[in-house]
Amino acid sequence: MAGTEEKDNADSLVADIHKKITEAFDLFDHESNKTVDVREVGTIIRSLGCVPSEAELHDMLHEIEEEEPTGYIRFEKFSIMMTKVLIERRYKPTPDDQILRAFQVLDTEGKGYLTVEELTKYMTEEGEAFNQEELEEMLSAAVNPDKGNIQYKDYVSEMSQEDT
Amino acid sequence: MGCSPSKKVVRAKNATKRLRAVVRIQTWYRRYRANLEARRRCTWSIFQSLEYAGEQDQLKLHNFFNNMLDSLVSDGNSPAPLIRAFNVNKRASIYDTQSMRDSGGEMLQNLLEGMEVEPSYKGPHLTFPLTMNQLHKIVQSFRRKLTLHAKYTIQLLLEVRRILKTQGNIRYASTSLSKQVTVCGDIHGKLSDLYTIFHKNGLPSVNNPYIFNGDFVDRGQFSTEVVIVLFSCFVMNPNEVYLNRGNHEDHVMNLRYGFVKELQMKYKQHSRKVIHMFKDVFSWLPLATVVDDQIIVCHGGISDTTNLKTLAKIDRHRYMSTLQPPGECEDISTMDTQDLIEWKQVLDLLWSDPKPIDGCQPNTFRGGGSYFGPDITTSFLQQNKFKLLIRSHECKPEGFEYTHNGQVLTVFSASNYYEMGSNLGAFVRIQGAELECRVVQYMSTHSPTHRKVSFTQRINTVEKSAIQDLKEKILASKHKLLSEFKKCDLDNSGSISSSDWCCALETVLEIELPWRTLKSKIAKCDNNGDVQYETTFDELEVRHRYSGNGPSITETLYRHRENLETIFRLIDTDHS
C-alpha cells in the first residue's frame with residue numbers, strides 16, 4: 001500500500017515539475033512553436049529556481065543544443081534536462097548569509113560598505129563579468145542614495161525580501 | 001626580491017577566495033534578474049489574456065442577453081419592442097441595426113438648434129477656419145480640465161465630416177515635399193502621450209505630416225480631449241494629417257469601452273447629440289493610408305482575401321460599427337454575397353493580428369478579423385508592390401515590434417497602457433528617399449515630481465495591478481470555482497493539490513495563463529505545495545453582497561458588468 005502511494009507521489013511530483021517547466025518555457029516562447037532563443041535559456045533556468053554559474057550554464061546548453069546550432073533550443077530536450085536538474089535539486093541557490101559573507105570578503109578593509117568603484121571593478125573585471133546593462137541595473141538598486149555607496153548588508157536583506 | 005613563498009600562497013588563496021565571492025554574487029544577481037524577467041512576462045500575459053478575453057466577450061454578448069431576458073419579469077406591456085430592439089440573429093452574435101440607425105435622415109445641422117453657449121462657459125470660443133492660436137487655447141483649456149462646449153465640438157465634428165467625405169477609403173501620402181512622415185499607433189485616450197509625441201516630434205504641419213493609425217478613444221480617461229486635438233489638427237491640415245479608422249472608432253465598442261460614458265459625463269444634457277456626431281464621423285474615417293506607394297498603414301492588418309481595389313469601392317459610411325453588417329442590413333442571413341465580402345474586407349483591415357505561423361485563420365481571440373502569417377504578408381506586399389506593412393492594434397512592451405521577417409511593423413503609442421510602467425509607447429518616423437523607419441520610444445509620466453523608479457519597483461507595481469485585475473475575474477466566477485475545488489477536496493481538508501487547483505481555474509475561467517507560477521500570488525499554500533483554495537478569493541473587496549443562494553444574480557451581473565453597462569447605455573442613447 002505504502003509502495004503504490006510513494007509511486008503516486010513520485011509520479012505526481014514529476015507531472016508537477018513537468019508542468020512548471022512548460023509554464024516557464026512558454027513565457028519565453030515568442031513564436032508559440034515550442035522553441036526559445038538560446039540566449040534566454042539562462043533566464044528560464046534561473047526563473048525555475050536553479051542557479052548555475054555561467055560556466056555550468058554553458059555545459060547545460062551544450063547538452064541540449066542541436067548538432068547544428070540554430071540559435072534556438074527546442075522544448076523536448078530542454079524539458080528532459082530540466083526535469084533531471086529539478087528532481088536532483090542541482091544548482092541550488094546560495095543562502096543569503098553566504099552572499100553576505102561574499103560581500104564581506106570583497107570588503108577587504110572591513111568598512112561595512114563597498115564603494116561604487118570597488119563593486120564596479122569586481123563585477124565587471126573579475127569572475128563571470130557583468131555587461132554594462134547588468135552593472136547599471138545592479139547599481140541603480142544597490143547604491144544607497146544618501147550615502148553614495150553600497151551598504152551591502154541592507155542590500156542583501158532588501159533583495160531577499162523582494163525575491164519571491 | 002619579491003615575497004616569500006608563504007606570502008605568495010596566502011595571496012593566491014585570497015585571490016581564489018575573492019574570485020569565488022565575486023562569482024557567487026554575480027550568480028545570485030543573475031538569478032534575481034531572471035526572476036524579475038519571468039515575472040514581467042507573466043504579468044504581461046495576464047494583461048493580454050484579460051484584455052482579449054474582454055473583447056471576445058463582445059461577440060458572445062447575445063448569450064448573456066438571452067439569459068437575462070429569461071429572468072426579467074415581463075410587465076405585460078409587450079416586451080416585444082424591447083426584444084425586437086435587441087433581436088439578435090442566432091447565427092451570428094450581432095445586434096439589430098434598427099436601434100442604431102440614424103433616426104430618419106435627421107439633418108445633422110439641426111443638432112445645433114437650441115444650443116447656446118452660456119455666459120458661465122469658460123472655455124475657448126471657436127471660429128472656423130481654425131487657427132493654431134485656437135488650438136493652443138483648446139489645449140490650455142484642457143489643462144484646466146474644461147470641456148470644449150458642445151456647440152463648438154459639434155461644429156468641429158461637422159467640419160471634420162465635411163472634409164472626410166471628400167477623402168477616399170484609402171488615402172495616398174507622399175513624402176516628396178516634406179521628405180518624411182510620422183506614424184502613430186493606438187492612443188486610447190492617453191492625452192499625455194499625445195502631448196509627449198508632439199513635444200518630441202512637433203505639431204502636424206505641411207512639413208511635418210502625420211498618420212494616426214486608429215484607436216484614438218476608449219479605455220483612457222481623456223478620449224474626448226485626444227480626439228478633439230487630433231480633429232483640430234486635421235481640419236487645419238487636411239492634406240498632411242491622415243486619420244485611419246481603428247476598431248475602436250466604432251459606436252458599439254465605444255458603448256462598452258468608455259468613450260460614450262466619458263461623453264455622457266463631460267457633455268451632460270448635450271451628450272446625446274455629441275455621441276451621435278461622433279458615431280457618424282467615425283464611420284467616415286478612411287480605412288488605410290499608403291505612403292509613396294511603398295508602405296501601407298492600417299490599424300489591424302490583412303488577410304488572404306484583402307484586396308485594395310475592392311476596398312476602394314466600398315461605401316465605408318455604411319459601417320457605423322464594424323461589428324455589425326452594414327447600413328440597412330437587418331439580418332445577416334439576408335445579406336448578399338457582395339455585402340458579405342465587403343464587410344469581411346473591412347473587418348480584416350481593422351481587426352487582424354499577425355502570427356508567426358503561415359496561413360490565414362479566423363481571429364478567434366478577438367472574435368473578428370484574421371490571424372495572418374508571414375506568407376500572407378509576403379504575397380500581399382508583392383502583389384501590391386509594397387515593401388512594408390505598418391499596423392497597430394496590439395500593445396507591445398517596447399511600444400513597437402517587427403515581425404514576419406521585418407515585413408510588418410507594429411507601432412503602439414499609448415505608454416503605460418495596462419499600468420504605470422507596463423510598457424513604452426512609440427512612434428515611427430519614415431524618412432529619406434529610402435523611406436527608412438526610425439522608431440522613437442517614450443514613457444509619459446504624470447506628476448512632475450515623479451522620481452526615477454527602479455526596475456524592480458516597476459515590476460512590483462505592474463504585477464500587483466495585474467493580479468488585482470485577475471482576482472476580479474476570479475471573484476466573478478467564485479461559485480463555479482468553489483464547486484470545482486470542492487469536487488477535488490475528497491477529504492474535506494480545505495486544501496487541494498496544485499495540479500487540481502490549476503486545472504479548475506483553467507477550466508472555469510477559460511484563460512490560458514501560467515497558473516502554477518501564479519499560484520502563490522493568488523492563494524495561500526500549505527508547506528507541501530497544496531493550495532488552501534478558499535483563500536483564492538481573499539483580499540478583494542466584494543462590491544456586491546454575496547447572497548449565498550446559488551449562482552446569485554449579483555454574481556452573474558458582476559461577471560457581465562461590462563456587458564450590462566453596454567446594454568443599458570444602448571437603451572439610454574436610443575430610447576431616452
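The table that follows gives values for the structure above.
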read-out	value
Strands (runs of 3 or more DSSP E) wholly inside region B:281-379 containing at least 1 residues that are modelled with pLDDT of 95 or more and among the basic types (Lys, Arg)	none
Residues located in region B:510-525, provided they are more than 8 Å from chain A (Cβ to nearest Cβ) and either open to solvent by 20 Å² or more (accessible area, probe 1.4 Å) or touching a residue at least 60 places away in the same chain (Cβ under 8 Å) (or both)	B:GLU510, B:ILE511, B:GLU512, B:LEU513, B:LEU518, B:LYS519, B:LYS524, B:CYS525
Single unsatisfied condition, B:ASN405 versus (1) farther than 30 Å from B:LYS464 by Cα; (2) part of a strand (DSSP E or B)	(2)
Matching residues in region A:101-113 - criterion: being open to solvent by 40 Å² or more (accessible area, probe 1.4 Å), more than 10 Å from chain B (Cβ to nearest Cβ) and either without any contact (Cβ under 8 Å) to a residue 12 or more places away in the chain or not hydroxyl-bearing (Ser, Thr, Tyr) (or both)	A:GLU109, A:GLY110, A:LYS111
Check on A:GLY127, facing another protein chain (nearest Cβ under 7 Å), farther than 30 Å from A:ALA10 by Cα, in a loop (DSSP other than H, G, I, E, B) and out of contact with any Phe, Trp or Tyr (no Cβ under 9 Å at 6 or more places or on another chain)	yes
Selection count where residues are among the basic types (Lys, Arg) and under 22 Å from A:LEU114 (Cβ atoms), scope region B:1-47	9
Residue count for region A:131-162, restricted to those that are open to solvent by less than 30 Å² (accessible area, probe 1.4 Å) and either not small (Gly, Ala, Ser) or not assigned by TED's automatic domain parsing to the domain that holds A:GLU109 (or both)	8
Options A:THR22, A:THR83, A:THR43, A:THR70: the member that is under 30 Å from A:ASN149 (Cα atoms) and either part of a loop (DSSP other than H, G, I, E, B) or open to solvent by less than 60 Å² (accessible area, probe 1.4 Å) (or both)	A:THR43
Test: B:VAL229 is under 23 Å from B:LEU389 (Cβ atoms), in contact (Cβ under 8 Å) with a residue 60 or more places away in the chain and more than 17 Å from the chain's Cα centre (by Cα)	no
Residue list for region A:46-59, filter: open to solvent by 40 Å² or more (accessible area, probe 1.4 Å) and either within 14 Å of chain B (Cβ to nearest Cβ) or within 13 Å of the chain's Cα centre (by Cα) (or both)	A:GLU54, A:ALA55, A:GLU56, A:HIS58
Pair list, Cβ < 9 Å and 6+ apart or interchain, from region A:13-40 residues that are under 15 Å from A:ARG74 (Cβ atoms) and in contact (Cβ under 8 Å) with a residue 40 or more places away in the chain to residues that are open to solvent by 30 Å² or more (accessible area, probe 1.4 Å) and in a helix (DSSP H, G or I)	A:ILE21/A:LEU86; A:LYS34/A:ASP26; A:LYS34/A:GLU76
Selection within region B:172-195 - closer than 25 Å to B:ASN247 by Cα and open to solvent by 30 Å² or more (accessible area, probe 1.4 Å)	B:TYR172, B:LYS190, B:SER192, B:TYR195
Meets criteria (at pLDDT 85 or above, more than 24 Å from the chain's Cα centre (by Cα), surrounded by fewer than 17 Cβ atoms within 10 Å (Cβ to Cβ) and within 14 Å of chain A (Cβ to nearest Cβ)) for B:CYS488	yes
Test result for B:LEU148, touching a helix residue (DSSP H, G or I) at 6+ places or on another chain (Cβ under 7 Å) and closer than 14 Å to B:TYR121 by Cα	yes
Some residue of region A:114-121 being touching a residue at least 12 places away in the same chain (Cβ under 8 Å) and either more than 13 Å from chain B (Cβ to nearest Cβ) or open to solvent by 60 Å² or more (accessible area, probe 1.4 Å) (or both)	yes
Members of region A:60-100 found to be more than 14 Å from chain B (Cβ to nearest Cβ) and among the acidic types (Asp, Glu), listed by number	A:GLU63, A:GLU65, A:GLU66, A:GLU67, A:GLU68, A:GLU76, A:GLU88
Flag if B:ALA15 is touching a Lys or Arg at 6+ places or on another chain (Cβ under 8 Å) and surrounded by 11 or more Cβ atoms within 10 Å (Cβ to Cβ)	no
Region B:237-269: number of residues that are aromatic (Phe, Trp, Tyr) and touching a Gly at 6+ places or on another chain (Cβ under 6 Å)	0
Matching residues in region B:385-432 - criterion: being surrounded by fewer than 23 Cβ atoms within 10 Å (Cβ to Cβ) and among the small types (Gly, Ala, Ser)	B:GLY406, B:GLY421, B:GLY432
Unique match (being polar (S, T, N, Q) and free of Cβ contacts under 8 Å to residues at least 24 places away in the same chain) among B:THR224, B:THR166	B:THR166
Criterion: touching a residue at least 40 places away in the same chain (Cβ under 8 Å) and either within 14 Å of another protein chain (Cβ to nearest Cβ) or closer than 16 Å to B:ARG41 by Cα (or both) - qualifying residue of B:ALA476, B:ALA466	B:ALA466
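The values are calculated or read from the model by the stated rules, or taken from the named source; none is laboratory data. Computed from a predicted structure; not experimentally measured. Positions of Cβ are generated from backbone atoms using ideal geometry, with glycine treated the same way; all protein chains shown enter the neighbour counts. Quick note on the areas: whole protein, heavy atoms, side chains included, nothing else; ligands and nucleic acids left out. Shrake-Rupley method; radii C 1.70, N 1.55, O 1.52, S 1.80 Å.
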